[in-house]
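Enquirer: One structure, as structure tokens, below. Some questions next.
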Amino acid sequence: MIKAVCVNDSNRPYAIPISKWVKKGEIYTIIHVSVHTLQQGIQGVQLSEIHLDESCFPYEAFKLSRFAINVKDIPNLIELIKNCSELNDVDIQKLLTQEEMTLLEVE
């Protein structure tokens, strides 16, 4: 599990109610990472604090780019990505160096 800070809570899809939407500045726990091939390969994350159920269809995850991750948590993020079966063939270095990935240097 990876702690992440929401840095972008704009453009909430209508299908996701406000009660299930992330809030900028709040800390969340990433429990799963996936790649959404039908949405141009967007990386999505599931959070332990918010469950997007069938009422949020077609949304099952939040965009990874909505969150900032502490650089110290990168080894844990890599391990989580490896454990997520959909990402077995993904180039982890490429994922971590994409511009949409936000890293925080927190002491």
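The values are calculated or read from the model by the stated rules, or taken from the named source; none is laboratory data. Because the structure is predicted, anything quoted here is derived from the model rather than measured. FYI the Cβ positions are ideal-geometry reconstructions off the backbone, even for glycines, and counts take in every protein chain you see.
Enquirer: What number of residues within the stretch 64-84 satisfy the criterion of being without any contact (Cβ under 8 Å) to a residue 24 or more places away in the chain and surrounded by 14 or more Cβ atoms within 10 Å (Cβ to Cβ)?
Expert: Narrowing the stretch 64-84 to residues without any contact (Cβ under 8 Å) to a residue 24 or more places away in the chain: 75, 78-79, 82-83.
Cutting the leftovers down to surrounded by 14 or more Cβ atoms within 10 Å (Cβ to Cβ) gives us 78.
So the answer is 1.
Enquirer: Quick one: what pairs do we get from the stretch 17-32, first residue surrounded by 15 or more Cβ atoms within 10 Å (Cβ to Cβ), second assigned to a helix (DSSP H, G or I) and hydrophobic (A, V, I, L, M, F, W, C), C-beta under 9 Å, 6+ apart or different chains?
Expert: These pairs meet every condition: 20/56; 30/64; 30/77; 30/80; 32/80.
Enquirer: Based on this model, can you work out whether residue 32 counts as out of contact with any His (no Cβ under 9 Å at 6 or more places or on another chain) and at pLDDT 85 or above?
Expert: Taking the combined requirement at face value, the residue satisfies it.
Enquirer: Within the stretch 11-28, is even one residue in contact with a strand residue (DSSP E or B) (Cβ under 8 Å, 6 or more places away or on another chain), hydroxyl-bearing (Ser, Thr, Tyr), under 22 Å from residue 82 (Cα atoms) and modelled with pLDDT of 95 or more?
Expert: Residues of the stretch 11-28 in contact with a strand residue (DSSP E or B) (Cβ under 8 Å, 6 or more places away or on another chain): 22-28.
With the extra rule that they be hydroxyl-bearing (Ser, Thr, Tyr), the set shrinks to 28.
Checking which are under 22 Å from residue 82 (Cα atoms) leaves us with 28.
Then keep just the ones that are modelled with pLDDT of 95 or more; that gives 28.
Yes, there is a match, as at least one residue in the stretch 11-28 is in contact with a strand residue (DSSP E or B) (Cβ under 8 Å, 6 or more places away or on another chain), hydroxyl-bearing (Ser, Thr, Tyr), under 22 Å from residue 82 (Cα atoms) and modelled with pLDDT of 95 or more.
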